[in-house]
1. Can you spot a residue in the range 28-35 that is within 22 Å of ILE131 (Cβ to Cβ) and crowded, with 16+ Cβ neighbours inside 10 Å?
2. Sort out for me the helices (runs of 4 or more DSSP H) sitting completely within the range 31-88 that have 2 or more residues that are touching a residue at least 60 places away in the same chain (Cβ under 8 Å).
3. For the range 49-89, name all the residues that are under 21 Å from TYR33 (Cα atoms) and among the hydroxyl-bearing types (Ser, Thr, Tyr).
4. Are any of the residues in the range 71-84 in contact with an Asp or Glu (Cβ under 9 Å, 6 or more places away or on another chain), surrounded by 13 or more Cβ atoms within 10 Å (Cβ to Cβ) and among the small types (Gly, Ala, Ser)?
5. Against the definition (part of a loop (DSSP other than H, G, I, E, B), on the phi < 0 side of the Ramachandran plot and either of a type in the set (D, E, K, R) or in contact with a His (Cβ under 8 Å, 6 or more places away or on another chain) (or both)), how does ARG98 come out, yes or no?
6. Sort through ARG68, ARG85, ARG113, ARG35 and tell me the only one that's more than 15 Å from THR136 (Cβ to Cβ), modelled with pLDDT under 90 and of a type in the set (D, E, K, R).
Amino acid sequence: MPPCIAPSSREVEKARQQIQQKEAALRKSEEKYRRIVETAGEGFILMDQNLGIVDVNDAYCQMLGFARDEILGKNPFDLATEEFRQFLLTNRDELLSRDYREFEGTVVARDVRHIPILLQGNTLRDDRGDIIGNMTFVSAGITLILSGGAKTRTARLASSWEISPAMV
């Protein structure tokens with residue numbers, strides 16, 4: 001068995017500095033992506049694997065008129081209109097079976113206004129492929145200019161709350 005050779009103090013110091021540099025670069029990268037999400041004009045929702053809301057950005061709070069701490073711990077069903085809640089409950093398994101999903105709905109703001117939204121979400125997976133949560137970007141009041149004039153995205157759906165054929 002070869003003898004154990006201890007690293008020199010210079011090697012230990014160099015390794016420590018490399019670790020510190022990598023940690024600083026990671027923190028900087030995390031801060032950059034946090035700023036992107038926080039300053040995005042679209043709403044952002046981060047959910048755990050049970051769809052509990054664990055983070056939202058300011059745009060989502062402003063969209064609904066709630067403070068962040070009033071939204072955290074809720075789930076999307078809590079903020080949906082009754083019709084949209086039924087859609088989510090009915091289609092939950094199909095929606096969550098997709099790694100990417102895009103669909104429309106209506107949420108209820110603090111002042112009880114009904115706000116039509118477009119949701120674009122992804123399943124979040126760890127390095128083994130296990131589901132660790134979901135994230136969604138939320139846009140309010142979406143209108144697209146289509147050939148033949150302006151129409152809402154909802155009008156393009158074959159029936160109210162139907163999942164877009166592009167998502168199948």
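1. no
2. Numbers: elements: 58-64, 68-71, 76-79.
Per the criteria, 58-64.
3. Within the range 49-89, TYR60 is the sole residue that qualifies.
4. No, every residue in the range 71-84 fails to be in contact with an Asp or Glu (Cβ under 9 Å, 6 or more places away or on another chain), surrounded by 13 or more Cβ atoms within 10 Å (Cβ to Cβ) and among the small types (Gly, Ala, Ser).
5. Working: part of a loop (DSSP other than H, G, I, E, B): yes; on the phi < 0 side of the Ramachandran plot: yes; either of a type in the set (D, E, K, R) or in contact with a His (Cβ under 8 Å, 6 or more places away or on another chain) (or both): yes.
Answer is yes for this residue.
6. Numbers: ARG68 fails: modelled with pLDDT under 90; ARG85 fails: modelled with pLDDT under 90; ARG113 fails: modelled with pLDDT under 90.
Only one candidate qualifies: ARG35.
The values are calculated or read from the model by the stated rules, or taken from the named source; none is laboratory data. Treat the numbers as computed from the prediction; the structure is a model and nothing was measured. Here Cβ is always computed from backbone atoms with ideal geometry, including for glycine, and neighbour counts include all displayed protein chains.
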